[in-house]
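Report on the structure given below.
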Amino acid sequence: QVQLVESGGGLVQPGGSLRLSCAASGSIFRFYDMGWYRQAPGRQRELVAAITSGGSINYADSVKGRFTISRDNAKNTVYLQMFSLKAEDTAVYYCTARWDRDYWGQGTQVTVSS
């Protein structure tokens with residue numbers, strides 16, 4: 001069983017920045033493939049960014065050049081650094097871990113508004 005706890009969401013103005021963190025349980029975090037998804041009201045959940053256990057990274061086209069995913073295996077934590085935030089980035093952001101199955105965090109709200 002893998003438990004995931006997200007933090008770092010909040011209200012930010014357009015053009016601002018936020019860093020999301022996701023702390024994972026377990027002693028084999030380094031073997032998990034990790035990801036961030038988001039879901040806006042009335043829309044399907046979508047992949048934002050992912051990082052494998054080997055360090056391969058991919059991003060949704062809509063966030064390329066603005067968001068950066070990274071992981072710290074010593075801290076069992078994955079991060080999503082978000083720059084140049086737009087209103088359309090407003091959503092609940094979920095952390096995921098893939099091991100024996102997919103695990104999800106409870107989500108953290110990001111609101112981009114002036």
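For segment 99-110, name all the residues that are surrounded by 15 or more Cβ atoms within 10 Å (Cβ to Cβ) and either polar (S, T, N, Q) or at pLDDT below 95 (or both). Within segment 99-110, W99, T108 meet the criteria. Please verify whether Q1 is open to solvent by 40 Å² or more (accessible area, probe 1.4 Å), at pLDDT below 95 and in a loop (DSSP other than H, G, I, E, B), treating the condition exactly as stated. Judged against the criteria, Q1 is a match. Condition first: of a type in the set (A, V, I, L, M) and open to solvent by less than 10 Å² (accessible area, probe 1.4 Å). Now tell me which residues in segment 85-98 satisfy that. Of everything in segment 85-98, those that are of a type in the set (A, V, I, L, M) and open to solvent by less than 10 Å² (accessible area, probe 1.4 Å) turn out to be L85, A91, A97. Only one of these conditions is not met by S27: (1) assigned to a loop (DSSP other than H, G, I, E, B); (2) open to solvent by less than 80 Å² (accessible area, probe 1.4 Å). Which number is it? For S27, the failing item is (2). For segment 68-91, filtered to residues that are in contact (Cβ under 8 Å) with a residue 60 or more places away in the chain and assigned to a strand (DSSP E or B), the residue that is nearest to S27 (Cα to Cα) is Y79. Residue pairs whose Cβ atoms lie under 7 Å apart, sitting 6 or more positions apart in sequence or on different chains, and linking a residue in segment 1-16 that is touching a residue at least 24 places away in the same chain (Cβ under 8 Å) and over 27 Å from Y32 (Cα atoms) to a partner that is not polar (S, T, N, Q) and not in a strand (DSSP E or B), are V12/L85; P14/L85; P14/K86; P14/A87; G15/L85; G16/L85. Any residue in segment 56-75 that is over 14 Å from Y93 (Cα atoms) and open to solvent by less than 20 Å² (accessible area, probe 1.4 Å)? No, because not a single residue in segment 56-75 is over 14 Å from Y93 (Cα atoms) and open to solvent by less than 20 Å² (accessible area, probe 1.4 Å).
Within segment 30-55, the only residue that satisfies the criterion of being crowded, with 16+ Cβ neighbours inside 10 Å and either polar (S, T, N, Q) or in contact with a Pro (Cβ under 6 Å, 6 or more places away or on another chain) (or both) is S53.
When only residues in segment 80-111 that are in contact with a Lys or Arg (Cβ under 6 Å, 6 or more places away or on another chain) and polar (S, T, N, Q) count, which is nearest to L20 (Cα to Cα)?
Among those residues, the one meeting the criterion is Q81.
The values are calculated or read from the model by the stated rules, or taken from the named source; none is laboratory data. This structure is a prediction, so every number in the text was calculated from the model and none was measured. Note that we place each Cβ from the backbone using ideal geometry, even for glycine, and neighbour counts take in every protein chain shown. Side chains are part of the model used for accessible areas, which takes the heavy atoms of the whole protein and leaves out ligands, DNA and RNA. Shrake-Rupley method; radii C 1.70, N 1.55, O 1.52, S 1.80 Å.
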